[in-house]
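Structure first, then comments.
The values are calculated or read from the model by the stated rules, or taken from the named source; none is laboratory data. Since we're looking at a predicted model, the values are computed, not measured. All Cβ positions, glycine included, derive from the backbone under ideal geometry; neighbour counts span all protein chains shown. All accessible areas refer to the heavy atoms of the entire protein, side chains included, with ligands and DNA or RNA removed. Shrake-Rupley method; radii C 1.70, N 1.55, O 1.52, S 1.80 Å.
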Amino acid sequence: MTSNVDDRTMRERMLAGDLYLADDPELAEHLLRAEELMEAYNSSPARDPQARRRLLAELLGAVGEGTVIRPPLRVDYGGNLRIGARSFANYGLVALDVAPITIGDDVQIGTNVQLMTPTHPIDPELRRAKWEAARPITIGDNVWLGSGAIVLAGVTIGDNTVVGAGAVVTRDLPPNVVAVGNPARVIRTIEPGAAPDAPASAP
């Protein structure tokens, strides 16, 4: 994967999910753009929601109607993060979008949630040479991620699933379940019309 015959740019390698070098000048420029927009968004006036919305739309790959992300927000590139309509992310979302992060409609994200697409080689020499990669994260519609939850690279979470506060999601979760712990494990299935409870945390 590190052969000299590969004539792709580092950005093309990154987006393909292959090993790449992050200190590439093209990638550095994309990172700098995202940092500038993050700085503006995170310091934007709370009483000017239209300006805040414009900055968010410029930073992210897509943001749906009615979606709110409370600053501070931290991303790598921004353009690889897409979030649907009527979703809400509370303070302190970290979404490292080296690979695509796709968040559905009506998603609730608690404080200090981390969505982590980057990975590093197990091979010590590749890691020492600063090669890295990433795998996408997909969050389905109407998911609730409790405060402090961490979703790792390559994970898909199905529609309507609830992830408990502080859980670390290392593997895919199916739709309509509650998962807690480190590593996150399914503890129950969600039945339509079940009595309300609060297994995760306030959003």
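Observations on the structure shown:
- Net charge contributed by nearby residues that have their C-beta within less than 12 Å of Arg86 (K/R +1, D/E -1): -4
- Zero-based 10 Å bins, Cα pair distances in the chain, whole percents: 9, 34, 32, 19, 5, 1
- The fraction of accessible area contributed by carbon and sulfur in region 125-194 is 52 percent, rounded to a whole number (1.4 Å probe; ligands and nucleic acids excluded).
- What a 1.4 Å probe finds exposed on region 1-64 is 50% carbon and sulfur by accessible area, rounded to a whole percent.
- Net charge in the neighbourhood of Arg171 (other residues with Cβ under 13 Å of its Cβ; Lys, Arg +1, Asp, Glu -1) is +1.
- Within a Gaussian network of the chain (alpha carbon springs, distance under 10 Å), most fluctuating of Gly146, Gly193, Gly78: Gly193
- Angle between the chain longest axis and helix 49-59 axis [Cα atoms, degrees, rounded to 10]: 40
- Ligands, DNA and RNA are left out, and with a 1.4 angstrom probe the accessible area of the chain is 52 Å² per residue.
- 0 to 90° range, to nearest 10: angle between helix 25-42 axis and the chain longest Cα axis: 30
- With θ taken as phi - 60° and the Karplus curve 6.51 cos²θ - 1.76 cosθ + 1.60 applied, the whole-hertz 3J(HN,Hα) list for region 155-166 is 8, 10, 10, x, 3, 6, 6, 10, 10, x, 4, x Hz, x standing for glycine and proline.
- With K and R counted +1 and D and E -1, the other residues having a Cβ less than 10 Å from that of Asp159 yield a net charge of -3.
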